[in-house]
Amino acid sequence: MIEYEGFQAKKVLVLGISVTGLGTVKFLSKFGANIFVSEFDEKKKDSKEHIEIKKYTENVEVGGHSEEF
């Protein structure tokens, strides 16, 4: 396993919850990143990727990109 501490406790924003976004979230979570995910497309809400991403972070918004994130 790769040992890398560069993301530990860092805030990281992932735009999009498609396959690439999901893979990125899984990767970053292994290294302790504080992950925020934003998806513009309202149709992606409750998709299989959205549901899977919520297993790794509660910081998920769908239907636009807010200034909070």
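The values are calculated or read from the model by the stated rules, or taken from the named source; none is laboratory data. Quantities reported herein were computed from a predicted structural model and do not represent experimental measurements. Counting neighbours? That spans all protein chains shown, and the Cβs are built from the backbone with ideal geometry, glycine included. Ligands, DNA and RNA are excluded from the accessible area calculation, which covers all protein heavy atoms including side chains. Shrake-Rupley method; radii C 1.70, N 1.55, O 1.52, S 1.80 Å.
Just give me the residues in the stretch 51-61 being among the β-branched types (Val, Ile, Thr) and over 9 Å from Val37 (Cβ atoms), in sequence order. If the condition is that a residue be among the β-branched types (Val, Ile, Thr) and over 9 Å from Val37 (Cβ atoms), then Ile51 is the only one that fits.
Checking each residue in the stretch 40-50 for being within 15 Å of Gly63 (Cα to Cα) and open to solvent by 90 Å² or more (accessible area, probe 1.4 Å) picks out Phe40, Glu42, Lys43, Lys45, Asp46. For Thr24, work out the one condition from (1) within 10 Å of the chain's Cα centre (by Cα); (2) more than 23 Å from Gly63 (Cβ to Cβ) it doesn't fulfil. Among (1) within 10 Å of the chain's Cα centre (by Cα); (2) more than 23 Å from Gly63 (Cβ to Cβ), Thr24 violates only (2).
Yes/no matrix, rows are residues, columns are (1) surrounded by fewer than 18 Cβ atoms within 10 Å (Cβ to Cβ); (2) assigned to a helix (DSSP H, G or I):
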position: Val12; (1), (2): yes, no
position: Ile17; (1), (2): no, no
position: Phe27; (1), (2): yes, yes
position: Ser38; (1), (2): no, no
position: Lys55; (1), (2): yes, no
position: Ser66; (1), (2): yes, no
position: Phe69; (1), (2): yes, no
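How many residues are among the polar types (S, T, N, Q) and in contact with a helix residue (DSSP H, G or I) (Cβ under 7 Å, 6 or more places away or on another chain) if we restrict to the stretch 37-66? The number of residues fulfilling the criteria is 1.
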